[in-house]
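Asker: If you scroll down you'll find the structure; I have some questions about it.
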Amino acid sequence: MKLIGSLTSPYARKARVVLAEKKIEYDFVLDSPWSPDSLVPDLNPLGKIPVLVLDDDTPLFDSRVIVEYLDNVAPNNKLMPAPNRERTEVKRWEALADGVCDAAVLIFLERKRPAKAQDAAWIARQEAKIERSLAFMAEQLGEESWCMGTHFSLADIAVGCALGYLAFRFPQIDWRERHANLARLYDKLLQRPAFAETAPQE
Ligand code: GSF
């Protein structure tokens, strides 16, 4: 199978971390959806990465669909519990983490516009989403070892990718100082080869 992505996308990183944690072999194909000759729209009508292309050429998107497929297709190292209340909680963590990435990406794109065209209120609205979400994550994590308490799960992977994207694109957001437990979780995740080997890079 092939993962179409980039070295900076937090959503592609989530898929890459899951592939590594599940020890699934794949080809990583770099394709920026922003380049005029990108092949992404031919695979995903939404024109977004990541896309997982299965061996029968079926394209899977978006990252949540990809990681759920990967967790189901390989029995080892389960990252999501069976359908029950805990699974719902893992998926809410993922929705929260992906939402932080969504807001961060919107700020990043808005700031690429000419300064006069940038909408300060729009940027402030996205920053507020990030701040509220970080506080919510910190409150939910508390002093637990992992997002779901005693065991590592997809929730930690999604949160780690979101925090890593903030550190990469918005080093001025001082989430480490304000939420020491999130910093501890992120530093612990960086000890895992799957995270260390997928750190965002230009
Ligand atoms: C979001 C992917 C996304 O926005 C997912 O996979 O979870 N809900 C989707 N990807 C960006 C790249 S990045 O910022 O990570 C993307 O492909 N943007 C191109 C576009 O046209 O929006």
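The values are calculated or read from the model by the stated rules, or taken from the named source; none is laboratory data. Owing to the predicted nature of the structure, the values given are computational and were not obtained by experimental measurement. Every residue, glycine among them, receives a Cβ derived from its backbone with ideal geometry; neighbour counts consider all protein chains shown.
Asker: Determine if region 79-94 includes at least one residue that is within 11 Å of the ligand (Cβ to nearest atom), at pLDDT 95 or above and buried (at least 16 other Cβ atoms within 10 Å of the Cβ).
Answerer: Yes: region 79-94 contains one or more residues that are within 11 Å of the ligand (Cβ to nearest atom), at pLDDT 95 or above and buried (at least 16 other Cβ atoms within 10 Å of the Cβ).
Asker: Please tell me if Ile49 is out of contact with any Asp or Glu (no Cβ under 6 Å at 6 or more places or on another chain) and either at pLDDT 95 or above or more than 11 Å from the ligand (Cβ to nearest atom) (or both).
Answerer: yes
Asker: Something else now. Working carefully through the options Ala95, Ala135, Ala117, find the one that is free of Cβ contacts under 8 Å to residues at least 40 places away in the same chain and over 23 Å from Ala20 (Cβ atoms).
Answerer: Numbers: Ala95 fails: over 23 Å from Ala20 (Cβ atoms); Ala135 fails: free of Cβ contacts under 8 Å to residues at least 40 places away in the same chain.
Of Ala95, Ala135, Ala117, the one residue that is free of Cβ contacts under 8 Å to residues at least 40 places away in the same chain and over 23 Å from Ala20 (Cβ atoms) is Ala117.
Asker: Against the conditions (1) more than 26 Å from Phe168 (Cβ to Cβ); (2) of a type in the set (S, T, N, Q); (3) within 14 Å of the ligand (Cβ to nearest atom), where does Thr58 fall short? Just the number, please.
Answerer: It fails just one condition, (3).
Asker: Something else: Which residue, of Val100, Val73, Val65, is β-branched (Val, Ile, Thr) and within 20 Å of Gln201 (Cα to Cα)?
Answerer: Val100 is the lone residue from the list that is β-branched (Val, Ile, Thr) and within 20 Å of Gln201 (Cα to Cα).
Asker: Still on this structure, please answer the following. Tell me the residue from Arg111, Arg125 that is over 28 Å from Leu3 (Cα atoms) and within 16 Å of the ligand (Cβ to nearest atom), please. Steps first, answer last, please.
Answerer: Working: Arg125 fails: within 16 Å of the ligand (Cβ to nearest atom).
After ruling out the rest, the residue left standing is Arg111.
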